[in-house]
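The values are calculated or read from the model by the stated rules, or taken from the named source; none is laboratory data. Just so it is clear, the model here is predicted, and its values are computed rather than measured. Every residue, glycine as well, gets a Cβ built from its backbone with ideal geometry; the counts of neighbours run over all protein chains shown. Quick note on the areas: whole protein, heavy atoms, side chains included, nothing else; ligands and nucleic acids left out. Shrake-Rupley method; radii C 1.70, N 1.55, O 1.52, S 1.80 Å.
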Amino acid sequence: MKKLIFAAGTFALALAVTALSFVPGVIRGEDSFSERLNGTWAETFQYRDNPRSMLVFRGKKVTIRNLLKHDVTTDYRISEVSGDGFTVNFEFTHKVKRGNGRIIDRREIFEYLYHTDRGHPILSSRDFEYDGRGLIILTEFMREDELVDGYESEMRQTLNSKKAIPTYVEEKNE
């Protein structure tokens, strides 16, 4: 009887550990995500003579470079874990001088989808367009040591190629 109780308890423990492994941040989660993000990520497009925007992940922190006047380091969190990837979220507040000279606190919120495209890990910034296109990709980042200048993921090509819905109807002259 003791062996049966021990076997049942062992099975229940194994089942609980397996179930918890699918919850983000438990057992495999946090370390696994940090390992996949760790390093320097560069924006795939360079705009004019401006330096590329960079995201540097170390441990549970991200440093944003070449976006504002000064680099910013903040914590990040993981959400929306699926078989296709996961979402990386971070935010920070900084001082901004408005046109009228007033200085305000501005909150910046970032959300990137981590996914793999043709063997390349990609971080894609998503946004929603209300012109009928829906979800689009604004910017993408690749690992700096694997950077392909001008690279566009298949997801970006598909989402961004949708045509906007006209906001008016043209009359046809017959």
- Among the residues of region 96-111, is any assigned to a strand (DSSP E or B), touching a residue at least 12 places away in the same chain (Cβ under 8 Å), closer than 21 Å to Lys162 by Cβ and under 13 Å from the mean Cα position of the chain (by Cα)? yes
- Query: Name the residues in region 90-115 that are farther than 30 Å from Glu154 by Cβ and open to solvent by 50 Å² or more (accessible area, probe 1.4 Å), would you?
  - Reply: Thr93, Lys95, Lys97, Arg98, Gly99, Asn100, Arg102, Ile103, Asp105, Arg106, Arg107
- (1) part of a strand (DSSP E or B); (2) farther than 19 Å from Leu113 by Cα: which one isn't true of Leu68, the others all being true? (1)
- Query: Looking at this structure, is Arg28 at pLDDT 50 or above and either of a type outside the set (Phe, Trp, Tyr) or touching a Leu at 6+ places or on another chain (Cβ under 8 Å) (or both)?
  - Reply: no
- Message: Can you say whether Val148 is outside any strand (DSSP E or B) and either of a type in the set (Val, Ile, Thr) or within 19 Å of Ser32 (Cβ to Cβ) (or both), as far as the supplied structure shows?
- Response: yes
- Query: Across region 116-174, what is the number of residues that are of a type in the set (Phe, Trp, Tyr) and either in contact (Cβ under 8 Å) with a residue 60 or more places away in the chain or surrounded by 10 or more Cβ atoms within 10 Å (Cβ to Cβ) (or both)?
  - Reply: 2
- Only one of these conditions is not met by Leu37: (1) at pLDDT below 95; (2) over 30 Å from Lys163 (Cα atoms). Which number is it? (1)
- Query: Condition test on Ser79, is it in contact (Cβ under 8 Å) with a residue 24 or more places away in the chain and either outside any strand (DSSP E or B) or touching a Pro at 6+ places or on another chain (Cβ under 8 Å) (or both)?
  - Reply: yes
- Taking region 40-64 and keeping residues touching a Ser or Thr at 6+ places or on another chain (Cβ under 7 Å) and free of Cβ contacts under 8 Å to residues at least 60 places away in the same chain leaves Val56, Gly59, Lys60, Lys61, Val62, Thr63
